[in-house]
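**Q** A single structure is presented below for examination.
The values are calculated or read from the model by the stated rules, or taken from the named source; none is laboratory data. Quantities reported herein were computed from a predicted structural model and do not represent experimental measurements. Ideal geometry is used to build each Cβ from the backbone, glycine not excepted, and the neighbour counts take in all protein chains shown.
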Amino acid sequence: MNFKVLMAAGVLLLLLLIGWLFASRSGLRPESFASVWDSPLRDELFLDTSPRMRTGLLEEWRWKVGHDAEVFRVTVFGDLFTQTPDGRVYWLDTGTGRYVEAAENTKRWTDVAKIHGPEWFHWNTLRDLRSRGVQLAEEQVYSWRLQPILGGIESVDNITLAPLQVHVSLTARVAQAAKDLPPGTKIDRVDFEVLGPPGGAWKRTGPRGEDLTIYEVVINEEMQYSMWPAGEMVPSGWKSVGKTGTKEECLDYIAEVWTDLRPLSLRKGDG
């Protein structure tokens with residue numbers, strides 16, 4: 001074997017080693033999904049959620065999942081596995097608004113995940129994210145800059161980081177706004193429900209059940225708007241725009257200023 005062949009083999013081995021080291025740093029080596037699912041690395045596919053975090057996650061998705069479903073597991077992409085009283089497990093793909101039965105029980109779900117897991121956990125995108133060192137802070141998920149239901153593609157370039165509750169709420173509103181529209185219809189407004197810390201202790205109601213809470217309008221780096229109870233700590237990645245008022249006043253303000261639901265990065269691309 002001549003010197004050039006040895007050099008080429010050495011370079012190839014070095015590149016393979018570098019790739020393995022990058023993947024190892026993330027905890028997800030370049031293995032098959034099934035092998036990861038059968039190992040302790042499975043835990044890295046999910047968000048470690050407490051009952052407090054799960055409280056209220058499905059409220060803005062009830063139109064889709066019904067009133068009996070409860071959150072079973074939350075993935076690092078903010079997708080939800082739910083379980084109904086009869087034991088069946090469902091997958092809610094928050095980016096597309098799809099809600100499908102995954103398995104008739106949790107044991108079967110564990111088995112079929114080896115087959116459907118690459119789709120459920122956006123496996124190729126996740127491996128790319130982890131190989132680039134894109135890690136999540138506490139209570140964050142990988143969220144779509146432009147949701148797939150609006151034409152966004154599954155790629156690292158279409159990923160941003162967002163608080164779990166914000167992601168689930170925003171995707172629910174967009175999916176509900178799009179559910180009865182023909183494919184390709186442009187969505188330029190959505191009807192907002194209110195975000196807020198789990199538990200609802202911040203909410204003030206009057207004697208007739210009317211909402212007396214004062215809210216503030218918040219915005220993220222992609223120029224996407226939402227509302228948050230005034231005086232409560234705003235989630236990471238969001239900031240106040242200085243507008244406070246009743247729910248109706250904040251909704252009117254958002255409807256006036258947010259006329260293009262596309263993230264700022266994609267609007268710039270059209271310019």
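**Q** How many residues are touching a strand residue (DSSP E or B) at 6+ places or on another chain (Cβ under 8 Å), surrounded by 14 or more Cβ atoms within 10 Å (Cβ to Cβ) and either modelled with pLDDT of 80 or more or not in a loop (DSSP other than H, G, I, E, B) (or both) when one looks only at region 172-210?
**A** Counting residues in region 172-210 that are touching a strand residue (DSSP E or B) at 6+ places or on another chain (Cβ under 8 Å), surrounded by 14 or more Cβ atoms within 10 Å (Cβ to Cβ) and either modelled with pLDDT of 80 or more or not in a loop (DSSP other than H, G, I, E, B) (or both) gives 0.
**Q** Could I ask something else about it? Can you say whether GLY78 is free of Cβ contacts under 8 Å to residues at least 24 places away in the same chain, touching a Ser or Thr at 6+ places or on another chain (Cβ under 9 Å) and not hydrophobic (A, V, I, L, M, F, W, C), as far as the supplied structure shows?
**A** Here the answer is no, as GLY78 does not meet what is asked.
**Q** A further question on this structure: Restricting attention to region 102-112, which residues are farther than 30 Å from ALA177 by Cα and not in a loop (DSSP other than H, G, I, E, B)?
**A** Once the filter is applied, which keeps residues that are farther than 30 Å from ALA177 by Cα and not in a loop (DSSP other than H, G, I, E, B), region 102-112 yields THR106, LYS107, ARG108, TRP109, THR110, ASP111, VAL112.
**Q** While we're on this one: Which condition does ALA162 not pass, out of (1) part of a helix (DSSP H, G or I); (2) farther than 24 Å from ALA102 by Cα, if it passes all the others?
**A** For ALA162, the failing item is (1).
**Q** OK, next. Can you pull out the residues in region 229-250 that are in contact with a helix residue (DSSP H, G or I) (Cβ under 9 Å, 6 or more places away or on another chain), more than 13 Å from HIS167 (Cα to Cα) and not charged (D, E, K, R)?
**A** VAL241, THR244, GLY245
**Q** Next up: For region 114-157, which residues satisfy the criterion of being under 12 Å from the mean Cα position of the chain (by Cα) and part of a helix (DSSP H, G or I)?
**A** Within region 114-157, PRO148 is the sole residue that qualifies.
**Q** For the condition surrounded by 18 or more Cβ atoms within 10 Å (Cβ to Cβ), in contact with a Gly (Cβ under 9 Å, 6 or more places away or on another chain) and closer than 23 Å to ALA162 by Cβ, what is the one hit in LEU126, LEU45, LEU80?
**A** LEU45
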